[in-house]
Amino acid sequence: LAWTTERFSYTGQFYRVENLAVVPKPVQQPHPPIRVGVHTTESFAHIGDLGLPMYSGTTTTPMPQLREGMELYRTHLRAGGHHWRKDQAALMMPLYVGSTSAAAREAMRPGVEKFYRNLLTILSHLPKTYADHLPRLRNLQQMVDDLPFERFCEQQGVFGDAHECIDRLQAVRDEFDLCQIICWFDQGCMLPVEEVKRTMARFAAQVMPKV
């Protein structure tokens with residue numbers, strides 16, 4: 001509404017605006033591309049109902065849950081009369097291209113552990129007003145409490161040599177018919193900048209052309 005009319009008013013459950021204009025107007029018509037992040041059962045279903053392109057991430061949605069969510073998304077997409085488009089789905093995954101699989105995993109271990117320690121701290125300080133979100137937050141906390149690093153490497157992170165990363169990324173691309181794979185090269189922000197640049201260079205030279 002704000003993008004497609006000169007001026008607009010809106011009355012919703014939580015917000016009300018009167019006679020506003022958004023400037024500058026977008027170049028794309030009728031509006032810029034929209035892609036919505038989904039991580040919960042409800043969001044996979046709702047965004048499927050709307051027919052909107054989606055993206056998710058394995059840091060909070062491991063592969064088993066992602067498979068269930070994507071099947072639900074496709075079911076609701078079809079039920080809503082929408083068709084799968086070439087830009088329908090994108091996925092973010094932590095990634096490190098190392099000289100060996102063992103080296104890649106050990107390089108990322110401190111950052112992964114730090115990321116989830118920080119997440120636990122955030123979850124432990126949520127106010128009671130977040131009651132509607134508590135079931136999902138409890139699931140996240142359970143996942144973080146029981147997170148063997150090897151299982152994370154199997155279900156969430158892509159840490160390996162170039163050949164392993166190519167195989168993993170090709171598999172997930174084909175399974176979910178992805179239009180984009182968003183790579184997080186330094187989950188937890190524990191790697192030196194030069195090391196991040198090196199793994200990005202390996203990815204660009206050895207992995208990306210084959211994915």
Test Glu18 against the stated conditions and say whether it is part of a helix (DSSP H, G or I), without any contact (Cβ under 8 Å) to a residue 12 or more places away in the chain and surrounded by fewer than 15 Cβ atoms within 10 Å (Cβ to Cβ).
no
Evaluation of Val23 against (1) more than 24 Å from Ala171 (Cα to Cα); (2) at pLDDT 95 or above; (3) in a loop (DSSP other than H, G, I, E, B) (one fails), failing number
(2)
Among the residues in segment 195-208, are any surrounded by fewer than 16 Cβ atoms within 10 Å (Cβ to Cβ), more than 19 Å from Gly69 (Cβ to Cβ), modelled with pLDDT of 95 or more and touching a helix residue (DSSP H, G or I) at 6+ places or on another chain (Cβ under 6 Å)?
yes
Looking at Thr40, Thr58, Thr11, which one is over 28 Å from the mean Cα position of the chain (by Cα) and either of a type outside the set (A, V, I, L, M) or in the same structural domain as Gly80 (by TED's automatic domain parsing) (or both)?
Thr11
Scan segment 119-136 and give yes if some residue there is surrounded by 10 or more Cβ atoms within 10 Å (Cβ to Cβ) and either outside the structural domain of Glu42 (by TED's automatic domain parsing) or under 30 Å from His163 (Cβ atoms) (or both), otherwise no.
no
For Arg35, are the conditions met, namely being in contact with a Leu (Cβ under 8 Å, 6 or more places away or on another chain) and either under 30 Å from Asp177 (Cα atoms) or assigned by TED's automatic domain parsing to the domain that holds Ile181 (or both)?
yes
Taking the conditions exactly as written (farther than 22 Å from Thr61 by Cα, assigned by TED's automatic domain parsing to the domain that holds Met92 and touching a residue at least 24 places away in the same chain (Cβ under 8 Å)), does Thr199 satisfy them or not?
yes
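The values are calculated or read from the model by the stated rules, or taken from the named source; none is laboratory data. Since the structure is predicted, the reported quantities are computational estimates derived from the model, not experimental observations. Note that we place each Cβ from the backbone using ideal geometry, even for glycine, and neighbour counts take in every protein chain shown.
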